[in-house]
Amino acid sequence: MVIIAAGFLHPEHSGLLEDLKVEFDPRGNVKTNADYLTSVPKVFSAGDMRRGQSLVVWAISEGRRAAHAVDKYLMGESTLPLI
Ligand SMILES: Cc1cc2nc3c(=O)[nH]c(=O)nc-3n(C[C@H](O)[C@H](O)[C@H](O)COP(=O)(O)OP(=O)(O)OC[C@H]3O[C@@H](n4cnc5c(N)ncnc54)[C@H](O)[C@@H]3O)c2cc1C
């Protein structure tokens with residue numbers, strides 16, 4: 001018996017993501033620019049949703065960087081720590 005355990009794919013597209021009409025990268029993850037902004041204005045993405053299945057340390061780092069980017073987007077600057 002051969003069991004294919006092919007998990008760790010992209011986020012579920014149906015529902016929220018398709019409703020928002022965000023663009024996806026070639027791997028099916030939510031595409032953003034360097035500031036975590038998606039193709040839809042005011043919609044940001046970070047963590048597994050953006051970089052694909054990864055590690056908790058990356059999720060924490062991305063969460064902080066995304067918060068910094070959102071703060072900068074709204075306020076023009078940010079003093080939130082990046083690390
Ligand atoms: C089985 C498994 C084992 C793992 N083991 C390890 C490990 O040993 N070490 C390690 O470092 N990493 C491990 N990881 C990876 C790690 O868990 C992830 O990289 C990390 O949790 C990603 O964090 P995140 O905040 O980006 O996403 P998540 O932790 O997936 O958080 C996303 C949240 O968004 C919520 N959500 C989704 N859609 C919606 C919606 N439409 N509206 C509202 N909320 C929504 C979800 O319910 C979830 O709570 C493992 C992952 C899996 C699946």
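The values are calculated or read from the model by the stated rules, or taken from the named source; none is laboratory data. Keep in mind the model is a prediction, meaning the values are calculated, not measured. We place every Cβ from the backbone using ideal geometry, glycine too, and count neighbours over all the protein chains shown. The accessibility values were calculated without ligands, DNA or RNA, using every heavy atom of the protein model including side chains. Shrake-Rupley method; radii C 1.70, N 1.55, O 1.52, S 1.80 Å.
At least 2 residues being more than 12 Å from the chain's Cα centre (by Cα) is the threshold, and among the helices (runs of 4 or more DSSP H) wholly inside region 16-81 those reaching it are 16-20, 56-75.
Among the residues of region 11-29, just one is away from the ligand (no atom under 11 Å from the Cβ) and surrounded by 17 or more Cβ atoms within 10 Å (Cβ to Cβ), namely 22.
Scanning region 41-83 for residues that are modelled with pLDDT under 95 and among the hydroxyl-bearing types (Ser, Thr, Tyr) returns a single hit, 54. The set of residues in region 30-42 being more than 15 Å from the ligand (Cβ to nearest atom) and either open to solvent by 100 Å² or more (accessible area, probe 1.4 Å) or touching a residue at least 24 places away in the same chain (Cβ under 8 Å) (or both) consists of 35, 37, 42. Report, by residue number, each residue of region 33-70 that is basic (Lys, Arg) and closer than 23 Å to residue 13 by Cβ. If the condition is that a residue be basic (Lys, Arg) and closer than 23 Å to residue 13 by Cβ, then 42, 50, 51 are the ones that fit.
Going through region 43-83 one residue at a time, which ones are hydrophobic (A, V, I, L, M, F, W, C), over 17 Å from residue 20 (Cβ atoms) and open to solvent by less than 90 Å² (accessible area, probe 1.4 Å)? If the condition is that a residue be hydrophobic (A, V, I, L, M, F, W, C), over 17 Å from residue 20 (Cβ atoms) and open to solvent by less than 90 Å² (accessible area, probe 1.4 Å), then 59, 67, 69, 80, 82 are the ones that fit.
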